[in-house]
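Engineer: Take a look at this one; I'll ask things after.
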Amino acid sequence: MFAGFLEYSIPQRARKKGLLELELHNLRDYSANRYKSVDDYPYGGGAGMVMSIEPIDRCISALKAERPYDEVIFTSPDARVLDQPMANGLSMCKNIIILCGHYKGVDERVREHLVTMEISIGDYVLSGGELAAAVIADAVIRLVPGVLGDETSALSDSFQDGLLSPPVYTRPPEYKGWKVPDVLLGGNDRLKAEWRYEKAVERTRERRPSLLEGQDASRQ
Ligand code: ADE
């Protein structure tokens with residue numbers, strides 16, 4: 001499931017530049033039983049299997065014996081939803097473990113004793129935590145200094161200043177009668193900056209008004 005993510009785009013560039021190491025670990029390799037199983041029947045009954053604590057603990061302990069980890073993240077739909085400030089914070093970490101949750105559930109003791117942070121990527125349920133882990137990793141990796149060619153480009157992302165990004169245009173100035181706004185074609189940088197800010201506020205008000213709560217105070 002991680003192959004495409006690891007082989008293409010920015011995470012791959014970051015790895016090639018030596019800015020990042022990313023390793024996958026299969027919990028089955030840490031199973032103590034001969035069937036290499038990583039789940040078991042739930043106490044008290046109920047449908048489905050539950051991921052066992054032992055292989056997870058053995059895996060995390062083996063990794064921690066090699067180096068310290070800043071966070072052990074668990075992906076789950078019943079956690080706080082990932083946002084840009086969380087991604088910013090995680091990009092400051094040196095080492096992170098992301099434990100992929102499973103739709104059938106994970107022994108609660110894992111969450112109580114082994115995990116330091118839980119993250120959801122949105123209010124919908126995926127069939128496993130792998131895609132969520134890839135989303136979290138991508139959001140964080142692109143913020144690591146040096147990963148993006150243009151250092152300023154992550155700073156001008158949507159959400160970095162609590163606003164959605166303004167629209168952008170490139171050549172030609174007119175296509176099928178559809179025009180680039182005049183202000184962007186002119187030479188006045190101050191007017192262009194004002195236009196971008198106004199459009200960012202307008203777009204945020206229209207599409208994600210909740211992001212503007214508290215925004216006015218911080219701008220005054
Ligand atoms: N696992 C299943 N659904 C998820 C979600 N929305 N976020 C994170 N992990 C998940």
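The values are calculated or read from the model by the stated rules, or taken from the named source; none is laboratory data. Model, not experiment: these values are computed from the prediction. Neighbour counts are summed over all protein chains in view; Cβ atoms, including those assigned to glycine, are modelled from backbone coordinates with ideal geometry. Accessible surface areas use protein heavy atoms only, side chains included; no ligands, DNA or RNA. Shrake-Rupley method; radii C 1.70, N 1.55, O 1.52, S 1.80 Å.
Engineer: About its Cα centre, what dipole magnitude does the chain give when the only charges are +1 on Lys and Arg Cβ and -1 on Asp and Glu Cβ, stated in debye to the nearest 20? Show your work: numbers first, answer last.
Structural biologist: Working: 28 positive and 33 negative charges, 132 e Å.
It works out to roughly 640 debye.
Engineer: Which distance in nm do the two modelled labels at VAL81 and THR170 give, with both placed 7 Å along the Cα-to-Cβ direction?
Structural biologist: Rounded to a tenth, the inter-label distance reads 3.1 nm.
Engineer: Using the Cα centre as the reference, give the magnitude of the dipole from point charges on the C-beta atoms of the stretch 158-219 (Lys, Arg: +1; Asp, Glu: -1; all else neutral), rounded to the nearest 20 debye. The partial results should precede the final answer.
Structural biologist: Details: 12 positive and 10 negative charges, 50 e Å.
Approximately 240 debye in magnitude.
Engineer: Of the options TYR43, VAL147, TRP178, report the single residue whose Cα projects farthest towards the positive end of the charge dipole of the chain (beta-carbon charges: Lys, Arg +1; Asp, Glu -1).
Structural biologist: Highest projection toward the positive end goes to TRP178.
Engineer: Given the DSSP H assignment, sum -39500 (n - 2.57) over each helix run of at least 4 residues in the chain and divide by its residue total; what's the result at 222 nm in deg cm²/dmol, nearest 500? Before the final figure, lay out each step's value.
Structural biologist: On the way: 8 runs with 75 residues, N = 220.
Rounded to the nearest 500, it is -10000 deg cm²/dmol.
Engineer: Expressed as a whole percentage, what fraction of the accessible surface of the chain belongs to carbon and sulfur atoms when a 1.4 Å probe is rolled over the protein heavy atoms?
Structural biologist: Numbers: 7420 of 14380 Å².
Carbon-and-sulfur percentage of accessible area, whole number: 52.
Engineer: Calculate, in nm to one decimal, what TYR124 and LYS179 gain on full extension: separation in residues at 0.36 nm each, minus their alpha carbon distance. Mind dumping the intermediate values first?
Structural biologist: Values: separation 55, 0.36 × 55 = 19.80 nm, distance 3.85 nm.
Full extension from TYR124 to LYS179 adds 16.0 nm.
Engineer: Let me ask something else about it. Quick check: the distance between the Cα centres of the stretch 1-50 and the stretch 141-211, to the nearest angstrom?
Structural biologist: Value for the Cα centre distance between the two parts: 37 Å.
Engineer: Once you place label points 7 Å from the Cα toward the Cβ at LYS94 and LYS16, how far apart are they in nm?
Structural biologist: Placing both labels 7 Å beyond Cα along the Cβ direction yields 2.8 nm.
Engineer: How far apart, in nm, are the 7 Å Cα→Cβ label points at LYS104 and TYR35?
Structural biologist: Computed distance between label sites LYS104 and TYR35 equals 1.0 nm.
Engineer: Per residue, what accessible area does the chain have, given a 1.4 Å probe and all protein chains present, in Å²?
Structural biologist: For the chain, the per-residue accessible area is 65 Å².
Engineer: Taking the convex hull of the alpha carbon atoms in the stretch 108-220, what volume per residue do you get, in Å³? Write out the running numbers ahead of the final one.
Structural biologist: On the way: hull volume 23.4 nm³, N = 113.
Measuring per residue, one finds 207 Å³ for the Cα hull of the stretch 108-220.
Engineer: Going highest first, how would you order 77-84, 197-204 by mean Cβ packing within 10 Å? Numbers along the way, then the final one.
Structural biologist: Numbers: 77-84: 14.4, 197-204: 16.4.
Those peptides, ordered most packed to least, come out 197-204, 77-84.
Engineer: With r as the distance between the Cβ atoms of GLU213 and LYS192 and R0 = 30 Å, compute the FRET efficiency 1/(1 + (r/R0)^6) and round to 0.05.
Structural biologist: Numbers: r = 28 Å, r/R0 = 0.92.
Rounded to the nearest 0.05, the efficiency is 0.60.
Engineer: Based on the Cβ-Cβ distance from GLU202 to PHE159, what FRET efficiency comes out when R0 is 22 Å, to the nearest 0.05? Could the numbers behind the result be given before it?
Structural biologist: Details: r = 16 Å, r/R0 = 0.73.
E between GLU202 and PHE159, to the nearest 0.05, is 0.85.
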